[in-house]
Amino acid sequence: MKSPLLSLPGAVPAEGRDEGVAAHYGDLFREQRALADGSGLVDLSHRAVVTVSGGDRLAWLHLLLTQHVSELAPGQATDALILTANGHVEHALYLVDDGETMWMHAEPGTQDGLVAYLESMKFFYRVEVADRTEDFAVVHLPAGSIAEVPDGVTVRETAYGRDVFLPRADLEEYAAAHGPLAGILAYEALRVEAHRPRLGFETDHRTIPHEVGWIGTAVHLQKGCYRGQETVARVQNLGRPPRRLVFLHLDGSEVVLPGHGTPVRLAADGPEGRQLGFITTSARHHELGPIALALVKRNVAVDAELLAGDTAAAQEVVVEP
């Protein structure tokens, strides 16, 4: 779904999974600084929006999600996952309940699969699932923003800022009133700095929640009754995940950032050495310079110097080995 904000002067379209919104509006670092200072707005209108209403919605979702939501208070934001039967991450959901309806946003283009799964699990529960992507656009206001939100609009407030489920017809007017606009590249750079995983970037078809730091934030360990729970409990109680997420400081002398999937190796082994992982997301940060997240084998030493492709990389631990 193409955002009308792409028609604004200076807007450069994003590519790949974020196609449909702006990568930036002409000054990446200025946009990052604005977000870090608590001003501006990020257009996330390409993200999927799904709602669940009905009197049984909290109890029903509690049975399907990795998060404890049966007693979720109105206005309280939370994260949750849907796992496969083998415990691999299938959907990452960002939730808030308004007292009558559970609102969630998810990765662009995932709404059909998400709605289909939820519909297949309704059985006798009093719930209604709806794809609201065509009607509502997600916009992000950074932490510290004093931008007002229209009455009656659902807001998901977290430590990183507010996600606003804005009627899509109001997007242009709201953006004009609450800019400056920041593109998805600025938003992603701050996400990488905060070590926050994203589905389809820090995950692949075999990712389990432990590998990327979703235990405790999107997975509640004191609840059961969800698909994939056995894998979560087994790894938590009896073992360690095979891979772990790391944060990388990249050599700033390189012109091109290593892209998603770039092999990660030990620096001592050189660029032809054995692959130990891969880059998940890389970014240029306004203060830290080139940075990245990567998935590496659990047994990689935490003080090992690494190579991302041909780029030297120093690691920080995100998930303990």
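The values are calculated or read from the model by the stated rules, or taken from the named source; none is laboratory data. This structure is a prediction, so every number in the text was calculated from the model and none was measured. Methodologically, a virtual Cβ is constructed for each residue, glycine included, from the backbone with ideal geometry; neighbour enumeration extends over all protein chains shown. The accessibility values were calculated without ligands, DNA or RNA, using every heavy atom of the protein model including side chains. Shrake-Rupley method; radii C 1.70, N 1.55, O 1.52, S 1.80 Å.
Just a few scattered comments:
- Size of the stretch 1-103: Rg and Dmax of its alpha carbons, in Å, are 17.5, 47.
- Here is the P(r) of the stretch 4-46: all C-alpha pair distances, binned every 10 Å from 0, give 29, 55, 16 in whole percents.
- Principal axis extents of the Cα atoms in the stretch 99-162, from largest to smallest and rounded to whole angstrom, are 43, 26, 23.
- Rg/Rg_ref, the stretch 171-260, where Rg_ref = 2.2 N^0.38 Å and atoms are Cα: 1.47
- Average accessible surface area per residue within the chain, 1.4 Å rolling probe, Å²: 44
- Portion, in percent, of the accessible area of the stretch 184-241 that falls on carbon or sulfur, probe 1.4 Å: 52
- In plain terms, the bigger the Kirkwood radius, the slower the diffusion; for the stretch 195-244, with that radius from Cα pairs, at 37 °C and 0.692 mPa s, Stokes-Einstein puts D at 286 µm²/s.
- In angstrom, the C-alpha Rg and Dmax of the stretch 262-321 are 11.0, 32.
- Here the ratio of the Cα radius of gyration of the chain to 2.2 N^0.38 Å is 1.01.
- Between the stretch 118-172 and the stretch 247-302, the Cα center-to-center distance that results, in Å: 34
- Under 17 Å from the Asp56 label point (7 Å along Cα→beta-carbon), backbone N, the stretch 92-122: 101-102, 117-122
- Computed over the alpha-carbon pairs of the stretch 165-321, the distance histogram in 5 Å steps reads 2, 9, 17, 18, 16, 13, 10, 8, 5, 3, 1, 0 percent, short to long.
- Cβ-defined net charge surrounding Asp251, 12 Å radius [Lys, Arg +1; Asp, Glu -1]: -3
- Surface share of carbon and sulfur [accessible, 1.4 angstrom probe, percent] for the stretch 67-153: 47
- Taken along the Cα-to-beta-carbon direction at a fixed 7 Å, the label points for Tyr125 and Lys2 span 3.8 nm.
- Net charge dipole, the chain: roughly 1020 debye, given to the nearest 20, about the Cα centre with Cβ charges of +1 for Lys and Arg and -1 for Asp and Glu.
- Within the stretch 193-238, trypsin sites (Lys or Arg not before Pro) in DSSP loop having at most 13 other beta-carbon neighbours inside 10 Å: Arg206
- Its DSSP H runs of at least 4 residues, each contributing -39,500 (n - 2.57), put the calculated 222 nm mean residue ellipticity of the chain at -5000 deg cm²/dmol, to the nearest 500.
- Length-normalised contact order of the stretch 1-115 in % [C-alpha pairs under 8 Å, at least 6 apart]: 21
- Note on Ala73 and Tyr117: the extension gain reaches 13.4 nm, defined as 0.36 nm multiplied by sequence separation minus the Cα-Cα distance.
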